[in-house]
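**Student:** This is the structure, below, for whatever I ask next.
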Amino acid sequence: MALQLSCPCGTRITAYDDDFVATVQAHLAAEHPDRAYSEDEILAFAMPVDDTWVG
């Protein structure tokens, strides 16, 4: 399964579920270092998507 999140900055983050939280946290660290969210918070914002969207 894959998950997707649309960041308010306009970036759409899509990754397989086992990499998703780390991918979102890497985006936050690089683009929004003043923001931090827990794994639970990130997953609450995520939407499941078809695996073919990952790439």
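Throughout, read-outs are computed from the coordinates displayed, never taken from laboratory work. It should be emphasised that the depicted structure is a prediction, and the values quoted were computed from it without experimental measurement.
**Student:** On a 0 to 90 degree scale, rounded to 10, what angle separates helix 17-31 from the longest Cα axis of the chain?
**Tutor:** 30 degrees
**Student:** When the helix-only estimate is applied to the chain (DSSP H runs of n ≥ 4, each -39,500 (n - 2.57), divided by the residue count), what is the mean residue ellipticity at 222 nm, nearest 500 deg cm²/dmol?
**Tutor:** -12000 deg cm²/dmol
**Student:** Separate question: Out of these labelled values of Rg and Dmax of the Cα atoms in Å, [x] 10.4, 32; [y] 24.1, 71; [z] 16.7, 57, which was calculated from the coordinates shown here?
**Tutor:** Step by step, Rg and Dmax of the Cα atoms in Å for this structure corresponds to label [x].
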